[in-house]
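**Student:** Provided herewith is a single structure, encoded as structure tokens, for subsequent inquiry.
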Amino acid sequence: MMAMEKKGKILIVDDNEDVLLSLNMLLKPYVEGIRVINTPERIIEMMDSFMPDVIMLDMNFHRDAISGEEGYEWLKKILAHNPKSVVLFITAYVDTEKAVRAIKAGAIDFIPKPWDRNKLLDTVKSAVELSRERNLDSSRMIGECPAMKELKAQMMRVAATDANVLITGENGTGKDVVAHALHQLSDRARKPFVNIDLGCIPENLFESELFGYEKGAFTDARNAKEGRIETADGGTLFLDEIGNLNLPMQQKLLTVIEKRETQRIGSNKVSHVDVRILAATNAHLREKVGEGTFRQDLFYRLNTIELHLPPLRDRGEDIVLLAEYFLKIYSGKYSVGDVRLGASAKQKLLKHTWPGNVRELQHCIERAIVLGDKTELAAEDIRLEDSVVASGTSASNSATGSASGSVNIDSLNLQTLEREAIKRAISLSNGNLTQAAELLGITRFALYRKIDKLGV
């Protein structure tokens, strides 16, 4: 079991000190951490402070008790506190009836006393893997297509490490969801997760936001301010839209990564920081490196591991799975009862090219819930832009042509297309620029820049 890499944190709960000592000694070489307690009253406290992947729980805590009722009661309390908990029962009294009851109650397996060493190690290994999978699923990583299965497998391998990760994919594919999931699955989960959207920060504020400043460092610096990098100390720093970082700031970030040090504006003091760097981009950084607009050394520092999110149009039936997930979310939010997707609605969703990806689908479903009054959505309840409905055409054709797939040559000028898309988005969102930016799959700050540039 886990001979090469220690995985998982284990909480062992048993009133027998000999059992605690034996399990501790046996498992310690194979797992990241172990805590042992001899009374179940401390379980909830340890779940919050230690955050175990697996709880090994004795079924009986009083002399001569063999019914296992105490174990069942504590199992209920554990699952009530965290339904995703993975619990293994420890017991000297195993029979078929108890096993069936335990599985139905939410335990995943038994460890008998006395135990077989190899079987115990295999059971614990499987339990740790199940725990990580449950946590990953709970982080909204919804999808069963081959590309998403491979992505999840890669995330499971990467999450427990401190390797820097570059997350790539089109706007709206869920790069922030991947970043949050990596943080939650890591040993840094109890520490800060700091998200910096570099597309929303004006260029002249990059340095002060990332590094902070001392009082009096510049005219408006009336009080000292901690930088985002300092705030993330011990946890994860997520740099979204990393391709927007200018060259001078790229050099400063490189220094942080290499030296693990940060320095506020106006200060001579250098502070050590322990952060894991996750970065995301929809840009082709390799091309930017070739153009000289992105440092090659920084690129390789960020790109220790690259995780790519596929566009929604390539994910097949995942579109329906995600739509059903959002239906549950928004039907609950707006208190409209259970709402289902009818066959025609599913077909319409599957034919759409989703240029805005998962974010566009999310807004589409929310719009259907808000504007509809049905318990089953039909095709006419799914409001889409005709210009981007596939109708059997390719994504590239549908993005530049009509619903029938015909291409308007006069509209192929990129600036014209971009200007019209922005106008449509602003119109659809009734002038709300935040919503318009979301429909377009860009940040609000990026939309401001495009409006200014294109004269919309």
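**Student:** Anything in the range 223-250 that is out of contact with any Leu (no Cβ under 8 Å at 6 or more places or on another chain) and either outside the structural domain of A279 (by TED's automatic domain parsing) or surrounded by fewer than 22 Cβ atoms within 10 Å (Cβ to Cβ) (or both)? List them, or say none.
**Tutor:** Selection gives N223, A224, K225, E226, E230, T231, D233, G234, G235, N246, L247, P248.
**Student:** Could you give me the residue pairs with C-beta distances under 8 Å whose first residue belongs to the range 315-336 and is touching a residue at least 40 places away in the same chain (Cβ under 8 Å), whose second residue is of a type in the set (K, R) wherever it lies, and which are 6+ apart or on separate chains?
**Tutor:** Pairs found: A323/K346; Y325/R140; L327/R340.
**Student:** I would also like to ask the following. From G337, G316, grab the single residue that is small (G, A, S), outside the structural domain of E203 (by TED's automatic domain parsing), touching a Cys at 6+ places or on another chain (Cβ under 6 Å) and not in a helix (DSSP H, G or I). Give the derivation first.
**Tutor:** Values: G337 fails: touching a Cys at 6+ places or on another chain (Cβ under 6 Å).
Step by step, each of G337, G316 is checked, and only G316 is small (G, A, S), outside the structural domain of E203 (by TED's automatic domain parsing), touching a Cys at 6+ places or on another chain (Cβ under 6 Å) and not in a helix (DSSP H, G or I).
**Student:** Exactly one condition in (1) free of Cβ contacts under 8 Å to residues at least 12 places away in the same chain; (2) under 21 Å from the mean Cα position of the chain (by Cα) is not met by E241; state its number.
**Tutor:** Exception for E241: condition (1).
**Student:** Within the range 23-36, work out how many residues are more than 10 Å from L120 (Cβ to Cβ) and surrounded by fewer than 19 Cβ atoms within 10 Å (Cβ to Cβ). So that I can check it myself, show each step before the final result.
**Tutor:** Step one: list which residues in the range 23-36 are more than 10 Å from L120 (Cβ to Cβ), which gives 24-25, 28-36.
So of that shortlist, the ones also surrounded by fewer than 19 Cβ atoms within 10 Å (Cβ to Cβ) come out as 24-25, 28-29, 32-33, 35-36.
Selection size over the range 23-36: 8.
**Student:** Now for a different question. Quick check, is K269 farther than 26 Å from E241 by Cβ and either among the hydrophobic types (A, V, I, L, M, F, W, C) or modelled with pLDDT of 95 or more (or both)?
**Tutor:** On the way: farther than 26 Å from E241 by Cβ: yes; either among the hydrophobic types (A, V, I, L, M, F, W, C) or modelled with pLDDT of 95 or more (or both): no.
No: the conditions fail for K269.
**Student:** Which of the residues spanning the range 370-386 are buried (at least 22 other Cβ atoms within 10 Å of the Cβ) and outside any loop (DSSP other than H, G, I, E, B)?
**Tutor:** Within the range 370-386, L377 is the sole residue that qualifies.
**Student:** In this structure, is T434 part of a helix (DSSP H, G or I), of a type outside the set (D, E, K, R) and either at pLDDT below 85 or on the phi > 0 side of the Ramachandran plot (or both)?
**Tutor:** yes
The values are calculated or read from the model by the stated rules, or taken from the named source; none is laboratory data. Just so you know, these numbers come straight off a predicted model, no measurement behind them. Note that we place each Cβ from the backbone using ideal geometry, even for glycine, and neighbour counts take in every protein chain shown.
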